[in-house]
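A.B. asks: Input: one structure, supplied below.
Please treat every number below as a calculation from the coordinates, not as lab data. Owing to the predicted nature of the structure, the values given are computational and were not obtained by experimental measurement. Cβ sites come from the backbone with ideal geometry, for glycine too, and all protein chains shown count toward neighbours.
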Amino acid sequence: MNQPAIKRVVAGALRHMDGMLLVLLLVLLAVSVAAVFSASGQSGARLAGHLTNIAVAMAILVVVANIPPHILAKLGPPLYAIGLVLLVAVALFGEIRNGSRRWLPLGVTSIQPSELMKIALPLMLAWYFQQREAILRLRHFGVAAVLIALPFLLILRQPDLGTALLIGASGFYVLFFAGLSWKIITGLGVAGALSLPVAWGLLHDYQRQRVLTLFDPMSDPLGDGYHIIQSTIAIGSGGAFGKGWLSGTQNQLDFVPERTTDFIFAVFSEEFGLLGVILLLLLYLAIAARGLKIAEQAPSMFARLMAATISLNFFTYIFVNMGMVSGILPVVGVPLPLMSYGGTAMVTLMIGFGMLMSMATHRKLLKT
Amino acid sequence: MQSRVLKNLELELAHYRNRLMVGAGFVLVLALILVTRLVYLQLVKHEHYQNLAENNRITLVPTVPNRGLIYDRNGSILAENFSGYTLEITVARAGDLDALLKQLGELIEITPKHLRQFKRLREESHEFETVPLKSKLSDEEVAVLAANRYRLPGVEVKARLFRNYPAGEGLSHVIGYIGRINDRDLKNLRESGKTPNYKGSTHIGKVGLEQYYEDILHGRTGFEQMETDSGGRAVRVLSQTPPSAGHDLILHLDVELQRVAEYAFGDYRGGLVAIDPNTGGVLAMVSKPGFDPNLFVDGIDSTTWKELNESIDTPMVNRPLRGIYPPGSTIKPFLALGALELGLRKPSDAIADPGYFSLPGSSHRYRDWKREGHGTVDLHRSIVQSCDTYYYRLAVDMGVERMHDFLARFGLGAKTGVDLHNESSGLLPSKEWKQRRWKQPWYMGETVIAGIGQGYHLTTPMQLAAATAMLANGGTFYRPRLVRAVRNAQTREERVIPPEVAWTDRFDPGHMAHVRQAMVDVLKPGGTAVLAGANAPYDIAGKTGTAQVVGIKQGAKYDASKLAERHRDHALFVAFAPAEAPRIALAVLVENGGSGSGTAAPVARAVFDYYLLGKKPEGVPVREGYESAGD
């Protein structure tokens, strides 16, 4: 290939980038690099790993952005099927780590099929609703509910309540944007509230413990409560303006657990304070807003449902993670989107944003 | 149809936009919840969490001072520190303790004794404290444990200073020992407000000098303000207050003299206290048998403890300090002096001794130890030959009250105040005492036998030695002292503890000379201890005595065959030398030794020979472990 050819390919690929979203994502990723570097105790290896993850995820973003929405829609059913098969496989042959069966050994590496479901389920549902766009009836919502319930229950019995709920939520968002009537939503809400005591009885001991610990972290200061106590101390001691980058004592002295991954928000808030936290939230809100804007202008039902769900899902993860780290939600293993160290979550998110960009740019192309 | 579809689409899109607005609202609500929470944490409660964070990372780590060492007068070390490694377990972090102990047992040798000791220490300590399992690990053991550390939760190998007593048994009752701080020690520390200085300390003086001089030996604990991570690992030192090591003790005691004395006892049990009559310094203090104090440092196991405690030889009893015995005839020189001082006798006053004494109007005969009697006995002869009849009569003339008051002037019947805890006071009887203790009047017969140091009168060897020292120096009661000087471990500066004169009494020098001469002649031909004084190039003033064995602990499971031997009289000897300018005064007690002249006096002679002439009896074992501190 000669140089102009390369230029043409690059230009072609970049044509499907949503400029505003890209800038917001890059700013966020820059913040995450700073945060991971600090949280890792200024480890060069961690930094290199994080940068590699970002590079890979960005490449995937570009690739996905170049796939037209109608092709993406067609990926729904096969991905969903693969996801289900893998979940069943996990249930049968999965590795047990920390008391739950979540990982599927694949030779040298092992994967968590529930990660795949985070994308596959909304994709499947959006494709399903697109197919029945003109003739959408209540029974189609019933089918959709079954499509949600299958992965939900499989993940629930791993057991991984947090992920199951998040995947359930993503499915619910698709239904919500597809126009599920308020009556049913209200009905489901009431039914859910009523079934809470029953659900409590079905919870595993460790799950109940996590919820109880939330209300009284001091009841178990060296066990479950430790994470919450230490992360709230980190956040609270950060104050309005923070202790400064690389200067968070809670962080640098190894009090914050899982600090490069799930608890990176504690590190960030300690070092950058309320001011930094609000700026970060604004950044997240801007990304979500851009996503919703793309959803509003999306050309097809599939794109509308998918774009809105991705945006809402994105912020749900942020809420769950920050809520957990700041002690208002139970501890569930959810990383902070685009901040936490970790390749899988990063790739999953970038696939989502790739789809958003695909929907944003392919629509324009159609118009012109 | 077309327009209806379009209209439907329009409616649907409007509916969808509506839902998007709800979604955006939902996101805003979530964001608001987060902001509220963060404002609460970071603004409202900031100070609270700031404090928590500070406490989190800054910990005060105590730096335990090195314990002071103990030396004898010539610099031989009697209590030393050496560093070594212990295997310790934090039970709270260990998980399955039984499995862990089993695992450890596969890596290094863990004996049932270690396990018993561990179990006992565990009961005394809290879950989160480290409890030693095995101390003085070998290099190989340390290496094996370090290599397997990752799979041994709660197991730590700690570098520690250990206490060692090279003199072992011989000085067990003088030096005492340190042991792990227990609940009672903690309570004492709290009550005396010393707890802060013991942060990080694991051991404390339990008996002997280790206990008495605990404050001096322990030193001042230093502190390091450390920044730590959540695992408690030190990251860096913020500030530092170095510890100051405990002071060293330098004793009056001469460990070689001590060994000579011990050796002179042979197989006998007993006690000896030798005092410098010019300072009160304790030159030797023997309690036989002793025990190995090293057993106690890291907690003695129950089997050995039981053995020591139930032994018929009572090795745990500090005989010089707590053993109480009738003084027997060793009281005679004191009473003789009393007779002269009180004007009851003149040196020339003599009695005709028929071999017994009877009270007026009574046919009961108080017998002399010599059945046929000593013939004509004056004061000098009464001491030299230890004539009982002379003192029966003297006692009656003196009366119990005057006898009590005079003997009390020598510190008899009271604690000497030596620098060791738990001293016995013995007993100097009086009418008042008997009424109080027994609700009975004093009988004349009791006065009679008090004249030869029998009956209620009880003394400790320490008391007898201190009284003898007072007799030797002519009337000054020095408080007996084991420690001669305290040396600052850093500056090497020695602070000599000045002799403490408890009181001075004035006795007529002529009377003193009479008594002293009689005591010198005790070891000359015609005296009761002639054999012990044979060929001495210096004059010894001494007095023999025997004390009847009062009784043996009821219910104790003693071997019947040994009982006969244990009913023999205790042998006593008090002496000082050289008689004209005394440098050493002592009291010897040989349990079941029979007669003072036969077993007790030779011990005294061996001690004098070594102390005054440097002459060591043949066969004194050269013991490993004493090394002169070459500094």
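A.B. asks: Mind listing the long-range amide H neighbours of B:Ala502? Cut-off is under 5 Å, sequence gap 5 or more, other chains count too, H placed in the peptide plane at 1.01 Å from N.
C.D. replies: Long-range HN contacts for B:Ala502: B:Phe477, B:Tyr478, B:Arg479.
A.B. asks: Same structure again: With a 10 Å radius around each residue's Cβ, average the other Cβ atoms per peptide and rank A:155-168, A:348-361, highest first.
C.D. replies: My ranking of the peptides, most packed first, is A:348-361, A:155-168.
A.B. asks: Between B:Val237 and A:Leu194, what is the label-point separation in nm under the 7 Å Cα-to-beta-carbon projection?
C.D. replies: Here the answer is 6.9 nm between the modelled labels.
A.B. asks: Also, quick follow-up: For B:Glu140 and B:Tyr40, calculate 0.36 nm times their separation in residues minus their Cα-Cα distance, and state this gained length in nm to one decimal.
C.D. replies: Full extension of this stretch gives 30.4 nm more.
A.B. asks: In region B:255-613, if the dipole is taken from +1 on Lys/Arg beta carbons and -1 on Asp/Glu beta carbons about the Cα centre, which of B:Thr544, B:Tyr392, B:Tyr268 is farthest to the positive end?
C.D. replies: Result: B:Tyr392.
A.B. asks: If you don't mind, there's one more thing I want to ask. Show me, for region A:24-29, the HN-Hα J-couplings you get by feeding each phi into the Karplus relation (A = 6.51, B = -1.76, C = 1.60, θ = phi - 60°), rounded to Hz, glycine and proline as x.
C.D. replies: After applying 6.51 cos²θ - 1.76 cosθ + 1.60, I find 4, 5, 5, 4, 4, 5 Hz.
A.B. asks: What dipole magnitude, in Debye to the nearest 20, does region A:20-367 give about its Cα centre under +1 on Lys/Arg Cβ and -1 on Asp/Glu Cβ?
C.D. replies: 1260 debye
A.B. asks: I've got another one for you. Please list, in order, the residues from region B:250-271 whose amide nitrogen is less than 18 Å from a point placed 7 Å along the Cα→Cβ vector of B:Val620.
C.D. replies: B:251-268, B:271
A.B. asks: Between B:Ser425 and B:Arg17, what length comes free when the chain is fully extended (0.36 nm per residue of separation minus the Cα-Cα distance, one decimal in nm)?
C.D. replies: That works out to 136.7 nm of additional length.
A.B. asks: Taking a quarter of the surface of the convex hull around the Cα atoms of region B:60-251, what do you get in nm²?
C.D. replies: Computed as one quarter of the Cα hull surface, the answer is 12.2 nm².
A.B. asks: Moving to a separate point now. About its Cα centre, how strong a charge dipole does the protein assembly as shown have in debye, to the nearest 20, once Lys and Arg get +1 and Asp and Glu get -1 at the Cβ?
C.D. replies: In debye, rounded to 20, the protein assembly as shown gives about 3740.
A.B. asks: Any idea how far apart B:Arg495 and B:Ala99 come out in nm if each label point goes 7 Å out from Cα toward Cβ?
C.D. replies: Inter-label distance under the simple model: 5.6 nm.
A.B. asks: Helix by helix through chain B, keep the DSSP H runs that span 27 Å or more along the axis on Cα and average at least 0.5 on Kyte-Doolittle, and give those back in order.
C.D. replies: B:2-39
A.B. asks: Bin by bin, in steps of 20 Å, what percent of the Cα pairs in the protein assembly as shown do you find, going until the bin that has the longest distance?
C.D. replies: 11, 28, 19, 15, 14, 10, 3, 0
A.B. asks: Here's something else I'd like to know. Using the beta-carbon distance between B:Ala414 and B:His364 and R0 = 56 Å, what value does 1/(1 + (r/R0)^6) give for FRET efficiency, to the nearest 0.05?
C.D. replies: E(calc), rounded to 0.05, equals 0.95.
A.B. asks: Going by how many other beta carbons lie within 10 Å of each one, how would you line up B:Ile540, B:Ile331, A:Ile135, fewest first?
C.D. replies: Listed from fewest to most nearby Cβ atoms, that is A:Ile135, B:Ile540, B:Ile331.
A.B. asks: Please work out the FRET efficiency for the pair A:Leu47 and B:Lys119, using the Cβ-Cβ distance as r and a Förster radius of 60 Å; give the result to the nearest 0.05.
C.D. replies: The formula returns an efficiency of 0.75 here.
A.B. asks: Would you kindly state how much longer the chain becomes between B:Asp505 and B:Lys158 on full extension, computed as 0.36 nm times their sequence separation minus their alpha carbon distance, in nm to one decimal?
C.D. replies: Extra length from B:Asp505 to B:Lys158 when fully extended: 119.2 nm.
A.B. asks: Can you give the relative contact order of chain B as a percent, counting alpha carbon pairs under 8 Å and 6+ residues apart?
C.D. replies: 15 percent
A.B. asks: Next up: Starting from the Cα of B:Lys434, draw a straight line to each of the lysines and keep only those under 24 Å, dropping any in the same chain fewer than 8 residues away.
C.D. replies: B:Lys332, B:Lys415, B:Lys553
A.B. asks: Return the lysines within reach of A:Lys293: Cα separation strictly under 30 angstrom, same-chain partners fewer than 8 residues apart disregarded; answer none if there are no such residues.
C.D. replies: A:Lys74, A:Lys118, A:Lys183, A:Lys364, A:Lys367, B:Lys7
A.B. asks: Sequence neighbours fewer than 8 away in the same chain don't count; with that in mind, list the lysines whose C-alpha is under 17 Å from B:Lys136.
C.D. replies: Reachable lysines: B:Lys113, B:Lys158.
A.B. asks: Hey, another quick one. Using θ = phi - 60° and the Karplus relation 6.51 cos²θ - 1.76 cosθ + 1.60, list the HN-Hα couplings for region B:583-598 in order, rounded to whole Hz, with x at every Gly or Pro.
C.D. replies: Whole-Hz 3J(HN,Hα) from phi for region B:583-598: 10, 8, 10, 8, 10, 10, 10, 10, 5, 6, x, x, 10, x, 5, x.
A.B. asks: Using a Förster distance of 25 Å, how high is the FRET efficiency between B:Phe82 and B:Glu106, based on the Cβ-Cβ distance and rounded to 0.05?
C.D. replies: Calculated value: 0.30.
A.B. asks: Further question: Among B:Ile383, A:Gln130, A:Pro113, flag the residue with its Cα farthest along the positive direction of the charge dipole of the protein assembly as shown, charges on Cβ as +1 for Lys/Arg and -1 for Asp/Glu.
C.D. replies: The residue sitting farthest along the positive end of the dipole is A:Gln130.
A.B. asks: Per DSSP H run of n ≥ 4, the term is -39500 (n - 2.57); total these for chain B, divide by its residue number, and report the mean residue ellipticity at 222 nm rounded to 500 deg cm²/dmol.
C.D. replies: Helix-only estimate at 222 nm: -11000 deg cm²/dmol.
A.B. asks: For B:Pro582, what charge total do you get from the other residues with a beta carbon under 12 Å from its beta carbon, if Lys and Arg give +1 and Asp and Glu give -1?
C.D. replies: So the environment of B:Pro582 carries a net charge of -1.
A.B. asks: Under 5 Å between amide H atoms, partner at least 5 residues away or on a different chain: which partners does B:Gly299 have, H built in plane at 1.01 Å?
C.D. replies: Excluding prolines and chain starts, which carry no amide H, the hits are B:Arg180.
A.B. asks: Considering the dipole of the protein assembly as shown built from charges on the beta carbon (Lys and Arg +1, Asp and Glu -1) around the Cα centre, which of A:Leu84, A:Pro257, A:Gly238 is farthest to its positive end?
C.D. replies: My answer, from the dipole projection, is A:Leu84.
A.B. asks: When DSSP assigns beta bridges and you keep just the ones with both residues in the protein assembly as shown, what percent turn out antiparallel, to the nearest 5?
C.D. replies: 95 percent
A.B. asks: Then there is this: Would you calculate the separation in nanometres between label points at A:Leu26 and B:Asn55, each defined as 7 Å from the Cα along the Cα-to-beta-carbon direction?
C.D. replies: Modelled inter-label distance: 4.8 nm.
A.B. asks: Okay, moving on. Whole-Hz ³J(HN,Hα) for each residue in region A:269-284, computed from phi via Karplus 6.51 cos²θ - 1.76 cosθ + 1.60 with θ = phi - 60°, x for glycine and proline: what do you get?
C.D. replies: In residue order, the calculated couplings are 5, 5, 8, 10, x, 4, 4, x, 4, 5, 4, 4, 4, 4, 4, 4 Hz.
A.B. asks: Same structure again: Taking H as built 1.01 Å from N, whose amide H comes closer than 5 Å to the amide H of B:Ile584, not counting residues under 5 places away?
C.D. replies: Residues meeting the amide H criterion: B:Ala577.
A.B. asks: Hey, another quick one. For chain A, what does the relative contact order come out to in percent, with C-alpha contacts under 8 Å and a separation of six or more?
C.D. replies: Reported as a whole number, the value is 26 percent.
A.B. asks: Does anything in region B:200-222 have its amide N under 12 Å from the 7 Å Cα→Cβ label point of B:Asn188, and if so which residues?
C.D. replies: Counting only backbone N, you get B:204-215.
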